[in-house]
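Read the structure below first, then the notes.
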Amino acid sequence: MKFNKTRNKVIGGIFIFVMVVAFFVMPTGYYLEVPGSAESTSQFVKVNGKHDKKKGDYLLTTVGIVPGSPFTMLKSLGNDFETIYSREDLMGDENSQEYFRVQQYYMKSAQNNAIQAAYSAAKKPFTKKYLGVYVMDVLDNSKFKDKLQIGDTITSINGYKFKNADQFIKYVKKQKKTSTIKINFLRDGKKKTASAGLVKLKQTKRYGLGITLTDNTEAKGNPPTKINAGDIGGPSAGLMFTLQVYSQIANKNLKNGRIVAGTGTIAPDGTVGPIGGIEKKVYAASQEGATIFFAPDDPVTKLIKKYDPTYVNNYHLAKRAAKKIHTKMKIVPVKSLDDAIKYLEKTSK
């Protein structure tokens, strides 16, 4: 009897230990979006083979995505700077590898746009090379489902080379629905070929490859600029990369010894667009000692309000976050690269 009691205590102790460990580390299928890092853009950018050595910093800001355990999810409740997302909310139908590839594409696109916007603003020459169409998704009914992957770049179709995605789409429209299509594409820098038929595209009367695509381009300027962001993905560093490149190629010391942070997508014409998780980015920038934070001041249109009556734009979300953490960092609204440049010029005197 005594032996049984001892054994039960041991088993009970082990059970309690396992439950406690599970509470802290067990995967839940949910993720937490938390404040990430604020990184100096100068470490990622080289103009004419040189990093920017001028005093001060431009900081790109990130969010962190971490798997949620029962403990971390419970702890995050009521925390304005931690948000719980399901896997589907974050990645949709993509697996982790596909999600990473798409985020890397967005970063590459942001870098190309940054070069175009910076060189245009500095009135410096640049060229834009068309690489092909980038595969963003392969539909389940596509006959290329097991032949193409997210991240592939299609360079030709039936030997025909195109100059943009629109030309590609128009060419495919002209093909007979019974046609066999041969494509050449790049995967991780290696040339590959695949052939398959067309499929009827949902909610249309057209036939196509059954892929979601976008243009894949490469911008090069004079003097030459190289941007290597490593494992950082997504488009939100566009504005800060543009400021870094512009300052170097125009030889302007806009930082003037200050730590300038911010976020926002960048279009080739210099338009700044909204991003997600700006509250966490404000927090990260403040922790790194930034005194200025550029926030996209995207217009809240009637159409946006129609579909989302509660929508608040990036600038106002950033202002709220700054107030909550009692930071002295100045939140500056920007709609364009020019807005950011003019603010830095005006306040550096």
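The values are calculated or read from the model by the stated rules, or taken from the named source; none is laboratory data. Because the structure is a prediction, the values reported are computed rather than measured. Here the Cβ is made from the backbone with ideal geometry for all residues, glycine too, and neighbour counts use every protein chain on show. Heavy atoms of the whole protein, side chains included, go into the accessibility calculation; ligands, DNA and RNA do not. Shrake-Rupley method; radii C 1.70, N 1.55, O 1.52, S 1.80 Å.
For the reader, a short list of remarks on this structure follows.
- Contour minus Cα-Cα distance for GLU345 and LEU74 (0.36 nm per residue): 93.0 nm
- Other residues with beta-carbon under 12 Å from the beta-carbon of SER142 carry, at +1 per Lys or Arg and -1 per Asp or Glu, a net charge of +2.
- Overall size of region 189-229 from C-alpha positions, given as principal axis extents largest first: 48, 25, 19 Å.
- Seen from THR225, the other residues with C-beta closer than 13 Å to its C-beta sum to a net charge of +3, counting Lys and Arg as +1 and Asp and Glu as -1.
- Accessible area per residue for region 235-293, computed on protein heavy atoms with a 1.4 Å probe, is 29 Å².
- Neighbour-limited loop hits for trypsin sites (Lys or Arg not before Pro), region 195-231 (at most 14 other Cβ within 10 Å; DSSP other than H, G, I, E, B): LYS202, LYS205, ARG206
- Per-residue ellipticity at 222 nm from helix content only, as computed over the chain with -39500 (n - 2.57) for each DSSP H run of at least four residues, stands at -11000 deg cm²/dmol.
- Label corresponding to Cα extents along the principal axes in Å when calculated from the structure given, among [x] 84, 67, 46; [y] 63, 46, 38; [z] 58, 44, 36: [x]
- To put it simply, the accessible area of the chain at a 1.4 Å probe is 54 percent carbon and sulfur.
- Net charge, ALA318 excluded, C-beta distance under 9 Å - Lys, Arg +1, Asp, Glu -1: +2
- At most 10 other Cβ within 10 Å, DSSP loop - trypsin sites (Lys or Arg not before Pro), region 158-192: LYS163, LYS174, LYS176
- Dipole in debye (nearest 20) - region 20-105, about Cα centre, beta carbon charges: Lys, Arg +1; Asp, Glu -1: 640 debye
- The residues of region 143-186 present an accessible area of 60 Å² per residue when probed at 1.4 Å with all protein chains retained.
- Annotation: amide H-H contacts under 5 Å for ALA295 (H modelled 1.01 Å from N, sequence separation of 5 or more, or interchain): VAL332, VAL334.
- Of LYS54/LYS163; LYS55/LYS342; LYS147/LYS202; LYS174/LYS306, those spanning more than 31 Å from alpha-carbon to alpha-carbon: LYS54/LYS163; LYS174/LYS306
- For the cross-link pairs LYS226/LYS255; LYS124/LYS346; LYS123/LYS252; LYS123/LYS319; LYS123/LYS255, the ones whose C-alpha atoms lie over 25 Å apart are LYS123/LYS319.
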